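Novice: Before anything else, here's the structure in question.
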Amino acid sequence: MTSMVNSTELLAYIPSPPQGVWHVGPLALRAYALCIIVGIVVAIVWGDRRWVARGGEKGTVLDIAIWAVPFGLIGGRLYHVITDWPTYFGEGGSPVDALKIWQGGLGIWGAVALGGVGAWIGCRRRGIPLPALGDAIAPGIVLAQAIGRLGNWFNQELYGRETTVPWGLEIYERTDATGRIDALNGVSNGVVTQVVQPTFLYELVWNLLIVVLLVVVDRKFKIGHGRLFALYVAGYCAGRFWIELMRSDHATEILGLRVNTFTSAIVFAGAVAYFVLATKGREDPADLRPGTDADTKDGSS
């Protein structure tokens, strides 16, 4: 009787990209950075269209983004570094690497929190309600997150445990021009080091489902006052919770669980509470027109 063929040889696994960086002269084009940029642009453009459809002024979202995006990037990086501090400040770590945002590592919780502060500043300057803005941009934000997960695919990061499922993700050994292993900047030499659960893909698909949910709920129930944004946060946290339980890449743990599982649960509870307690219905379109702090104080126009 002929020997049995290893079952894994019959499976068509998902390949990782051979590289995540392309050099054009002295310029390094990084897929991760490009995905983040594309996601931001998509979120701004779609968010502005939704804002106008709700009665707001065209260009408002771009004006707010000037504040929110830098704050969000800083917040996302800070959260990542704080929750993974041994990588940068522990034994063998390099504190300078904490500044290298292009290498990957943005925590969505920090991005939303500090990005929200930036958005609040922008909304105050424009004289518009922050919760209403959040409802307008919520679908675009989660779509941007889905696009950003493609950057994790190029970086071969945010993956799960080893697996033999047909949709497993191949992780390649990458080397530089000298043959030295360089997982971030190198090019695949064809060697598959492991096959893992593609948790980046699970989150990407989950985020797309949330996009559909938000659009459908918004059209059918016309909710406002920040409740659609709260629904986005709750939906994302629900997915992130179970996806975190599948991941095997390095992360800070508390009581044997990844710190992001606790963050997901806590933020989920807060988002649900806000959704239940916030004002029902949608804002008057007149409230979405820009004003100024001076107008609010002295009633001038």
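The values are calculated or read from the model by the stated rules, or taken from the named source; none is laboratory data. Since the structure is predicted, the reported quantities are computational estimates derived from the model, not experimental observations. When we count neighbours, we look across all protein chains shown, and the Cβ atoms used for this are built from the backbone with ideal geometry, even at glycine.
Novice: Please determine whether any residue of the stretch 76-94 is closer than 21 Å to ILE66 by Cα, in a helix (DSSP H, G or I) and of a type in the set (D, E, K, R).
Specialist: Among the residues of the stretch 76-94, at least one is closer than 21 Å to ILE66 by Cα, in a helix (DSSP H, G or I) and of a type in the set (D, E, K, R), which makes the answer yes.
Novice: Kindly provide the set of residues from the stretch 193-212 that are surrounded by fewer than 16 Cβ atoms within 10 Å (Cβ to Cβ) and over 12 Å from GLY239 (Cβ atoms), ordered by number.
Specialist: Listed by number, the residues that qualify are THR193, GLN194, VAL212.
Novice: Residue check, ALA113 against (1) crowded, with 20+ Cβ neighbours inside 10 Å; (2) part of a helix (DSSP H, G or I); (3) modelled with pLDDT under 95, all met but one. Which one?
Specialist: (1)
Novice: Let me ask something else. Go through ARG77, ARG50, ARG126 for me and flag whichever is crowded, with 16+ Cβ neighbours inside 10 Å, at pLDDT below 95 and farther than 30 Å from THR252 by Cβ.
Specialist: Criteria check complete, one pass: ARG126.
Novice: VAL233 versus (1) more than 17 Å from the chain's Cα centre (by Cα); (2) not in a loop (DSSP other than H, G, I, E, B): which is the lone unmet condition?
Specialist: (1)
Novice: When you scan the stretch 134-156, do you find a residue that is out of contact with any Leu (no Cβ under 8 Å at 6 or more places or on another chain), buried (at least 17 other Cβ atoms within 10 Å of the Cβ) and either free of Cβ contacts under 8 Å to residues at least 24 places away in the same chain or not in a helix (DSSP H, G or I) (or both), even just one?
Specialist: yes
Novice: Among what's in the stretch 206-222 and is touching a residue at least 40 places away in the same chain (Cβ under 8 Å) and out of contact with any Leu (no Cβ under 8 Å at 6 or more places or on another chain), pick the residue that is nearest to ALA146 (Cα to Cα).
Specialist: Filtering first and then ranking leaves ILE210.
Novice: Please go through the stretch 18-51 and pick out each residue that is part of a helix (DSSP H, G or I), farther than 30 Å from ILE223 by Cβ and of a type in the set (A, V, I, L, M).
Specialist: Hits for the stretch 18-51 are ALA31, ALA33, LEU34, ILE37.
Novice: Here's another thing I want to ask about it. Identify all residues within the stretch 251-284 that are of a type outside the set (Ser, Thr, Tyr), in a helix (DSSP H, G or I) and either modelled with pLDDT under 90 or crowded, with 17+ Cβ neighbours inside 10 Å (or both); write none if there are none.
Specialist: Listed by number, the residues that qualify are VAL259, ASN260, VAL267, PHE268, ALA271, PHE275.
Novice: Now a separate question. Could you grab the pairs with beta carbons closer than 6 Å, sequence gap of 6+ or different chains, first residue in the stretch 88-111 and within 17 Å of GLY75 (Cα to Cα), second one outside any helix (DSSP H, G or I) and at pLDDT 80 or above?
Specialist: That search, which allows pairs on different chains as well, returns TRP102/ARG30; GLN103/LEU184; GLY104/GLU157.
Novice: Among the candidates VAL165, VAL215, which residue alone is surrounded by fewer than 21 Cβ atoms within 10 Å (Cβ to Cβ) and in contact with a helix residue (DSSP H, G or I) (Cβ under 9 Å, 6 or more places away or on another chain)?
Specialist: So the residue among VAL165, VAL215 that is surrounded by fewer than 21 Cβ atoms within 10 Å (Cβ to Cβ) and in contact with a helix residue (DSSP H, G or I) (Cβ under 9 Å, 6 or more places away or on another chain) is VAL215.
Novice: Taking GLU244 as meeting all but one of (1) surrounded by fewer than 18 Cβ atoms within 10 Å (Cβ to Cβ); (2) closer than 28 Å to GLY134 by Cβ; (3) among the acidic types (Asp, Glu), write down the number of the exception.
Specialist: The single condition GLU244 does not satisfy is (1).
Yes/no matrix, rows are residues, columns are (1) within 16 Å of the chain's Cα centre (by Cα); (2) crowded, with 21+ Cβ neighbours inside 10 Å; (3) among the aliphatic types (A, V, I, L, M):
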{"residue": "GLY25", "(1), (2), (3)": "no, no, no"}
{"residue": "TYR32", "(1), (2), (3)": "yes, yes, no"}
{"residue": "GLU57", "(1), (2), (3)": "no, no, no"}
{"residue": "VAL61", "(1), (2), (3)": "no, yes, yes"}
{"residue": "VAL96", "(1), (2), (3)": "no, no, yes"}
